[in-house]
1. Looking only at residues in region 379-416 that are part of a strand (DSSP E or B) and polar (S, T, N, Q), which one is farthest from residue 462 (Cα to Cα)?
2. Restricting attention to region 552-561, does a residue exist that is within 22 Å of residue 665 (Cα to Cα) and surrounded by fewer than 21 Cβ atoms within 10 Å (Cβ to Cβ)?
3. Can you go through 130, 112 and tell me which one is buried (at least 22 other Cβ atoms within 10 Å of the Cβ) and either in contact with an Asp or Glu (Cβ under 6 Å, 6 or more places away or on another chain) or not aliphatic (A, V, I, L, M) (or both)?
4. Can you tell me which residues in region 209-232 are in contact with a His (Cβ under 9 Å, 6 or more places away or on another chain) and in a strand (DSSP E or B)?
5. Counting only residues that are among the aliphatic types (A, V, I, L, M) and more than 20 Å from residue 210 (Cβ to Cβ), which one in region 108-152 is nearest to the chain's Cα centre (by Cα)?
6. Which numbered condition trips up residue 280, out of (1) buried (at least 21 other Cβ atoms within 10 Å of the Cβ); (2) more than 26 Å from residue 109 (Cα to Cα); (3) under 21 Å from the mean Cα position of the chain (by Cα)?
7. Quick check on this structure: which one of 468, 462, 438, 511 is at pLDDT 95 or above and more than 23 Å from residue 534 (Cα to Cα)?
8. Residue 158 fails exactly one of the following numbered conditions: (1) assigned to a loop (DSSP other than H, G, I, E, B); (2) surrounded by 21 or more Cβ atoms within 10 Å (Cβ to Cβ). What is the number of that condition?
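The values are calculated or read from the model by the stated rules, or taken from the named source; none is laboratory data. What you are looking at is a predicted structure, and each value in this text was computed from that prediction instead of being measured. Ideal geometry is used to build each Cβ from the backbone, glycine not excepted, and the neighbour counts take in all protein chains shown.
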Amino acid sequence: MFVRKLSFFVLSLLVVSMGYGDVFTVTNTLDGGEGSLRWAIEQAELRIGPDTIVFALPQSDPGWDAEKGAWRIAVAASYRDFLDGGTFIDGSSQTRFGGDTNPEGPEIYITGYDVDPAIDRACFTIYSAGNKFTALSIGPYPNSIFKLHSASATNNVFQGLYLNVDATGSEAYQMVKSQGFYIRNGAHSNIIGGTAAEERNILSGFSNRAILVDGGHDNIIKGNYVGVLKNGMDPAANGWGIEWAAFPTKSGSYEGIGVYNGGKRNQIGGLEPGAGNLISANMRAGLRIDGTGSDENIVQGNIFGLAADGETVMSNGETGLWISGDAIGDGPANNLIEKNVISANLSSGMQFRHGSHHNQVRNNLIGTDVSGTLARPNSHNGIYLFGTPDRGYPQNNDIGPNNIIVANGFGSESEPWAAVRIDNPQTINNRVFNNYLNCNEQGTVHSSKNSGVFISKGAKYNTIGPDNVISGKTYGVWMRHDSTAFNTLTRSTIIDVEGKPIYLESGANGNLAAPVLLEADTTMVTGTTIPLGYVQLFVGPDGLLNTYLTEVRADQDGNFEWQGPIGHGVVTATVRDEYGNTSEASKGLSTTPLIGMLGDVNNDESVNSIDALIIISCDVGIDVSQFCPMNCGDVNGDGFVNSIDALIIVSYDVNMEVPFPVGQFGCPASVAPCPGCDEQ
């Protein structure tokens, strides 16, 4: 007993030094009367100035739960409003008093099974500043657990809380009307969570949202688990609505975190170690930023749709991140989405809906694991921009730089998905630049179903580029509908597509004709196109838009010429008109003389024993000069055409596997010919 008194004497000195004044001790688990938590809160409110509430509960108390190693406080009604400010409810004090009886979580848990759900009051309603809650398990509760109400609710701190989760963190409760935090009417500068593991809050299993910021500003939400249990690997969905189910219908369900109605400058996550939130397994979006004035929020370092290991799929039931406005130019603006992982969600990774504008998305991994090297694609698009006439359209958003965006869902022929999809007539002036789309730098992720970019339904004046690397199963950039116009593709590399690098369907971009290349070598290219068109030139091994060379302007007759270092390869070109429309890619033109199929020395478009016989004849001195120069005969790339090449061709012709790319498009620039064949 002496030791306990001494420890609380020391604790009292400590909290006074921290700015918290009187100490009120909870000594029983009753819901009223001296020594109860309700009594301690009332005493703290009656006394003006900062106070600390600590716990000193014996295991002889009826509320002791030996199975959980914790004490249960069952409440029948909400606590009185926090008006005075500066109250510190320190759940960790019970550990200091009686030891760590619950290594899995807090020693104190508060339940609200007996609270009347018809009474619209939070468990804790806070109008004041500087309050702090730590190391408590609270829930279930048939309303919000915390309501921060009005601009006077500021600089409050919430850390180490298990909300709507039992004291071991292994089970979420299932109570209708439950919600975690409701931050409203200008409540600001509050902190939910922290960067250390002991500061993490677990907010899971709520029928409503885990956190709703409704007009609050400058709040910090970091380091929390939202929608998963303590281990970070088991789902416990928030937002399930009226009826608990593994996968309820989305109608009537909610996102994990919502920022609404002018909620601005809130920070969700952060760049410092431990600041990112894990926001997964929620029934709709992981995070929704919605409404006029919901501006300048920062979303950084979070994981949406994966488990805590950064690899295991744990999908949010709709999109990972949803930014939605109310009207054209009147939606959420200037929000920063940075260094998040947004993957494996059951719709698109991100959605820009309606009037969202001037937001920036940079340095994110969308559709991969946390390393960016394993594909974990979202079910629909990587990022989807779209709107409606009654609520407006996304405009002037920047996707880039340095995102990796992978999609791998087919959709349908009428509604195909893509790494980035842009739809609707007033979805304008959005930029997609300096990203990897359906691929990564290492080449370890790709899409087996989607195009890199799909623009349709009248979207206009959007710019793809510069400096994207774009891949896709079908097309690099696919535009559809004659109302889809004035969209620009500039200085972007397109690789590894089975169809066209750019496909204009149904009159998109005015069906602008591609340039025609007339002549090309390693230092020069000429061609024709529309008068005064802006021609972009590319070179690569396969006739796609592999490596950007330059942009030249055609003259008034549509002629263009460029001289500069090109090297060996296939040159292609696009053209842009004065309105920004970009054409499909031109047919490729090789810079290598007598380009043909490797091994096809007689140029009959096949590689077989006839080619081998010609090489052998040349190698033994028979004049076969009609087939010279035989660059395409150097199939092993050693700089000579001889019987070794013939043997390889014969092996290829009888379908043996050979370690050389026989039959591939592209011959060496020059080789030493066989005897009797004059070099040309």
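1. Here the residue is 388.
2. no
3. Residue meeting the stated conditions: 112.
4. 217
5. This residue is 151.
6. For residue 280, the exception is condition (2).
7. 438
8. Evaluating residue 158 over (1) assigned to a loop (DSSP other than H, G, I, E, B); (2) surrounded by 21 or more Cβ atoms within 10 Å (Cβ to Cβ) leaves (1) as the failure.
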